[in-house]
Amino acid sequence: MIESRFARAICAALALASVLIWVPACAADRLPRLEVDTDATTVSGLSSGGYIAVQFHVAHSSIVNGIGVLAAGPYYCAQGSVWTATSTCMDPGPSVPPPDAKALADVTKGLARDGRVDATENLARSRVWLFTGTRDGTVTSAVVMALHNFYLQFVPQSAVVLVSDIAAGHGMVTEDAGGQCGSTDAPFINDCDYDAAGKLLAHLLGPLAAPRPESSGRLVKFDQREFADGNAYWISMADTGYAYVPDACMRERCRVHVAFHGCRQSAAAIGERFVRESGYNRWAATNRIVVLYPQTVDRNGWGGAWWTWNYVVNPRGCWDWWGYTGTQYHTKQGPQIRAVKAMLDRLAEQRSN
């Protein structure tokens with residue numbers, strides 16, 4: 001592409017100039033228009049990525065019809081409180097009860113009545129896949145069980161799967177990538193001889209064709225700033241995101257899946273390991289699925305959305321599930337939710353000739 005080559009040349013010149021003066025960093029190319037079917041959107045995530053996956057599902061249940069969550073709790077669990085996030089919503093105990101699924105479901109219904117999230121009736125057509133590792137001491141099984149109970153307020157029990165018998169630590173569980181199964185260490189990708197990405201995609205989408213190496217598609221790096229009012233860092237998102245695009249999806253209509261990484265798991269923290277090793281791409285390659293991998297960054301300082309300026313404290317690059325971007329973080333107006341929705345809208349646009 002001539003424009004891409006020109007942009008890279010300009011970036012190279014700016015890089016040389018930055019030796020002498022400060023200049024803004026160049027980001028990646030634009031996210032392509034692929035005419036994806038956003039009415040068949042599915043989402044998944046680990047830890048903070050699981051929490052924002054739930055938030056995105058509830059906020060946009062009119063288009064999201066399936067979700068996979070590893071190590072996270074129910075919608076609006078933290079209720080804007082860091083203390084609640086790190087106690088009730090991660091490791092409840094004798095003096096700290098687990099999340100109240102029924103009460104949070106009632107809050108969700110109220111938000112839907114006010115139009116701040118989509119109608120909760122949409123959730124009834126969803127398929128839900130949940131996972132908790134028996135050796136996960138970061139987000140314990142009681143929290144994931146609360147998420148299970150939350151979804152049962154809206155979703156038929158036959159559509160909800162809970163996997164709770166694998167000795168996994170806190171991480172993305174894979175068939176053959178990452179560290180030891182029971183570990184809770186960077187890059188938080190755990191080799192448990194269990195293909196979580198494949199299992200959740202099969203539950204959400206139905207029978208899938210056998211996977212093959214991701215080399216049958218391409219990994220696109222794109223500029224996230226245009227989806228965040230020009231300043232992704234302001235809301236603790238990276239300048240660059242990723243999308244895996246199977247070859248077939250460059251010319252045919254495909255489904256889309258959004259995969260949210262966890263804390264300390266962004267590209268800024270572990271490189272492209274989550275994007276390449278979490279297990280989604282090889283299934284996407286043979287099943288016409290575009291996988292969107294939005295990215296966060298560590299952030300400490302004044303920030304948030306322009307209409308809710310506040311001090312952002314996010315030293316581990318987590319997704320916002322406790323309110324560091326403002327009080328609307330869990331609704332359709334949440335800055336990160338708005339950014340990811342805008343990415344999906346771009347992917348759904350008609351291809352350029």
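Observations
- Those helices (runs of 4 or more DSSP H) of the range 214-324 in which at least 2 residues are within 24 Å of Asp185 (Cα to Cα) and among the basic types (Lys, Arg), considering only elements entirely within it, cover 273-277.
- Annotation note: of Val256, Val275, the sole residue that is more than 21 Å from His57 (Cβ to Cβ), at pLDDT 95 or above and among the β-branched types (Val, Ile, Thr) is Val275.
- For the range 35-59, residues that are open to solvent by less than 20 Å² (accessible area, probe 1.4 Å), of a type outside the set (A, V, I, L, M, F, W, C) and not in a strand (DSSP E or B) total 7.
- Checking each residue in the range 148-178 for being of a type in the set (Val, Ile, Thr) and open to solvent by 40 Å² or more (accessible area, probe 1.4 Å) picks out only Val161.
- Within the range 216-241, residues that are without any contact (Cβ under 8 Å) to a residue 12 or more places away in the chain have Cβ atoms under 6 Å from residues that are surrounded by fewer than 24 Cβ atoms within 10 Å (Cβ to Cβ) and among the polar types (S, T, N, Q) in no pair, counting only partners at least 6 apart in sequence or on another chain.
- The range 76-125 - residue that is β-branched (Val, Ile, Thr) and crowded, with 19+ Cβ neighbours inside 10 Å and, of those, nearest to Val155 (Cα to Cα): Thr108
- Test: Leu14 is at pLDDT below 95, part of a loop (DSSP other than H, G, I, E, B) and either open to solvent by 50 Å² or more (accessible area, probe 1.4 Å) or not β-branched (Val, Ile, Thr) (or both): no
- Scanning the range 67-75 turns up no residue that is open to solvent by 10 Å² or more (accessible area, probe 1.4 Å), modelled with pLDDT of 95 or more and either within 20 Å of Ser44 (Cα to Cα) or within 20 Å of the chain's Cα centre (by Cα) (or both).
- Look at (1) of a type in the set (Phe, Trp, Tyr); (2) open to solvent by 10 Å² or more (accessible area, probe 1.4 Å); (3) under 30 Å from Tyr194 (Cα atoms) and you find that Phe260 fails only one, number (2).
- Flag not set for Asp195, criterion: more than 19 Å from the chain's Cα centre (by Cα) and in contact (Cβ under 8 Å) with a residue 24 or more places away in the chain.
The values are calculated or read from the model by the stated rules, or taken from the named source; none is laboratory data. Because the structure is predicted, anything quoted here is derived from the model rather than measured. Note: ideal-geometry Cβ built from the backbone for every residue, glycine included; neighbour counts use all protein chains shown. Ligands, DNA and RNA are excluded from the accessible area calculation, which covers all protein heavy atoms including side chains. Shrake-Rupley method; radii C 1.70, N 1.55, O 1.52, S 1.80 Å.
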